[in-house]
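Okay, so here's the structure we're looking at.
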Amino acid sequence: MSDRLSELRIVDPVLTQIARGYQNADFIAESLFPIAPVPKESVKVPQFGKEAFRIYNTERAIRARSNRLTPEGITTVTQTLEEHDIEYPIDYREADEAADILNLEQDATETVQSLIQLRREKQAADLAQDVNNYPSGNKITLSGTSQFTDKTNSDPIGVIKDGKSAIRSKIGRYPNMMVMGAATYEVLQDHPQLLERIKYSMRGVLTVQLMQEIFDIPNIRIGMAVYADENDNFVDLWQDNIILAYVPQASGERSYKRPSYGYTLRKRGWPLVDRYEESGGKITLIRSTDIFKVALMGAEAGYLINDTNA
């Protein structure tokens, strides 16, 4: 954003804080693409090699020179962030009728922030569920008796185990995150293979927590978000798919310079909320602006199980 435009903005610190703390519980994009602050709108992201996993001769004799490795050339990919903004109008008559103007402006802030998050969720879901974004060994499309809706012949535990092994063979680590659409979750909840594993459980209901134990994956998130299409029909953002991924979990480990399945690269210090007036001061606009890019950083750290349901 230009310096001139920055001078024209009257940033509201209270509403900005609300925007930065707001999170719609239905959105799970940050589970696969956690926020990684970057200093500029264009950033060079490193592509990491496998030298950290190689066996080197580290023994050193007395008075001998130190062992020295020859680092592989680190290649980079330039990622360019995008600005997202939307505003909410408040008429002065609405403000006069409101019992608490701050609550009215807070509602406006949460509304525009939710719309930006919905856009980010759509971008994340499109990236994660596109089979073309994965190398050949990191994806499978189920069909016929292998689909989980065939509760007699399908083998969800085996399919997920194969996906975990595929990721480990590429990055040396098992995935620590699983994301699935609501339709897939509903089918797995009633799948005989999984119910057999919990038949002696006190709960008797296949919960997300029990799935984490069955699949030996510490984090499982269910994509519940929907959007309205051009005919105002609700459509699931997360379809009948499962994404396995390795994503750094500790906030201190989340940096665009650290390997991960993906990141949401966000310009440091954003989002911001500002206000301005139009129509001779009769309408106040509450505007939220964010600058980010949802980026698939390492497809080898992910595995897509496509079309789980018939």
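Those strands (runs of 3 or more DSSP E) of segment 222-293 in which at least 3 residues are closer than 28 Å to residue 86 by Cβ, considering only elements entirely within it, cover 226-228, 234-236, 262-267, 272-278.
Only one entry of 216, 236, 229 meets the criterion of being modelled with pLDDT of 95 or more, acidic (Asp, Glu) and under 20 Å from residue 27 (Cα atoms), and that entry is 236.
Scanning segment 186-209 for residues that are more than 20 Å from residue 309 (Cβ to Cβ), open to solvent by 60 Å² or more (accessible area, probe 1.4 Å), within 22 Å of the chain's Cα centre (by Cα) and of a type in the set (D, E, K, R) turns up nothing.
Of all the residues in segment 166-180, those that are open to solvent by less than 60 Å² (accessible area, probe 1.4 Å) and out of contact with any helix residue (DSSP H, G or I) (no Cβ under 9 Å at 6 or more places or on another chain) number 1. Scanning segment 156-187 for residues that are of a type in the set (Val, Ile, Thr) and part of a helix (DSSP H, G or I) gives 157, 159, 160, 167, 171, 184, 187. Name the single residue, out of those in segment 217-261 being of a type in the set (Gly, Ala, Ser) and closer than 26 Å to residue 158 by Cβ, that is surrounded by the most Cβ atoms within 10 Å (Cβ to Cβ). It comes out as 223.
The values are calculated or read from the model by the stated rules, or taken from the named source; none is laboratory data. What you see is a predicted model, and the numbers here were worked out from it, not measured in a lab. Reconstructed Cβ throughout: ideal geometry from the backbone, glycine too, with neighbour counts over all protein chains shown. Surface areas here come from the heavy atoms of the whole protein model, side chains and all, with no ligands, DNA or RNA. Shrake-Rupley method; radii C 1.70, N 1.55, O 1.52, S 1.80 Å.
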